[in-house]
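Asks: Next up is a structure, given as structure tokens.
Just so it is clear, none of the values below were taken in a lab; they were calculated from the coordinates. Every value quoted in this text rests on a predicted model; they were computed, and no experiment measured them. Cβ sites come from the backbone with ideal geometry, for glycine too, and all protein chains shown count toward neighbours.
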Amino acid sequence: MRPQTISTEYLAMQRELHQNPNYGVASLSFAPIVADVMRQLGLRSVSDYGAGKKNLLRGLAQAGIQPAAYHPYDPAFPEYGEPRPADLVCCIDVLEHIEPELLDNVLDELASITTGTGFFSIHMGPAAKVLADGRNAHLIQKPSSWWLPRIARRFEVKHLQSHQMMGRGIWLLVEPRATTGD
């Protein structure tokens, strides 16, 4: 059985937020970068963790990329099924939305499906949207120095770049950690 990655109450709030057509659009901004990564590394399949309304797939098509396989996952859309591995695991504008007490479970799950390359983007400031209970939609608003140790515990960070696309944030290319027994 999978570890818990979202509470029932928060899942209901996420489903409500997804009714807003302007919620979950960050992947459109990142799609050209993801397309370049796919071209440069010869990656053909994509696992979209936190896929929302599958805007990454739409953005990749606009950038001229048709993945051989596209595996969306989002707990707000149970019809997508479980998270699955692919050449490239994308987690775009998702991690800052995770309930802090469940973040380790989510990062562990990402590590379990990232067999090759991962592309993760993290917004580090407040979101423009608020949850039904009044909290900011970005439950975790921490600097890169807070995020990096958590990510590096599970992944080798191959590239890190700051961005201003949706405000202050970072995006990373990661690979699974080598198991050397050190």
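Asks: Given the DSSP H assignment, sum -39500 (n - 2.57) over each helix run of at least 4 residues in the chain and divide by its residue total; what's the result at 222 nm in deg cm²/dmol, nearest 500?
Replies: After summing the helix terms and dividing by residue count, I get -9000 deg cm²/dmol.
Asks: Over the range 23-84, what is the relative contact order in whole percent, taking alpha-carbon pairs under 8 Å and six or more residues apart?
Replies: Result for the range 23-84 is 36 percent.
Asks: Dipole magnitude of the range 8-176 about its Cα centre, charges +1 at Lys/Arg Cβ and -1 at Asp/Glu Cβ only, in debye to the nearest 20?
Replies: Result for the range 8-176 is approximately 500 debye, rounded to the nearest 20.
Asks: Does the range 86-182 come out rounded, prolate or oblate by the C-alpha gyration tensor, with a ≥ b ≥ c the root eigenvalues, rounded set by a/c under 1.5 and, if not, prolate when a/b is larger than b/c and oblate if not?
Replies: Because a/c hits 1.5 or more and a/b exceeds b/c, the range 86-182 counts as prolate.
Asks: Could you please state, rounded to a whole Å, how far the C-alpha centre of the range 138-165 is from the C-alpha centre of the range 1-74?
Replies: Answer, in whole Å: 18.
Asks: A further question on this structure: Local charge sum around His138 (other residues, Cβ-Cβ under 15 Å, Lys/Arg +1, Asp/Glu -1)?
Replies: 0
Asks: Please compute the net charge surrounding Tyr10, taking Lys and Arg as +1 and Asp and Glu as -1 over other residues with Cβ under 11 Å from its Cβ.
Replies: Counting the neighbours of Tyr10, the net charge comes to -3.
Asks: Right, next: For Phe77 and Asp133, compute 0.36 nm times the residue count separating them, minus their Cα-Cα distance, and round to one decimal in nm.
Replies: This chain segment gains 18.0 nm when fully extended.
Asks: Hey, another quick one. With a ≥ b ≥ c taken as the square roots of the eigenvalues of the C-alpha gyration tensor of the chain, please select rounded if a/c is under 1.5 and otherwise prolate if a/b is larger than b/c or oblate if it is not?
Replies: Cα axes put the chain in the rounded bin.
Asks: Which of rounded, prolate, oblate describes the range 36-92, given a ≥ b ≥ c as roots of the alpha-carbon gyration tensor eigenvalues and a/c under 1.5 marking rounded, otherwise prolate only if a/b is larger than b/c?
Replies: Prolate shape, in that a/c is at least 1.5 and a/b is the bigger ratio.
Asks: So for the range 8-176, averaging the separation of alpha carbon pairs under 8 Å that are six or more residues apart and normalising by length, what relative contact order in percent results?
Replies: Relative contact order, the range 8-176: 19 percent.
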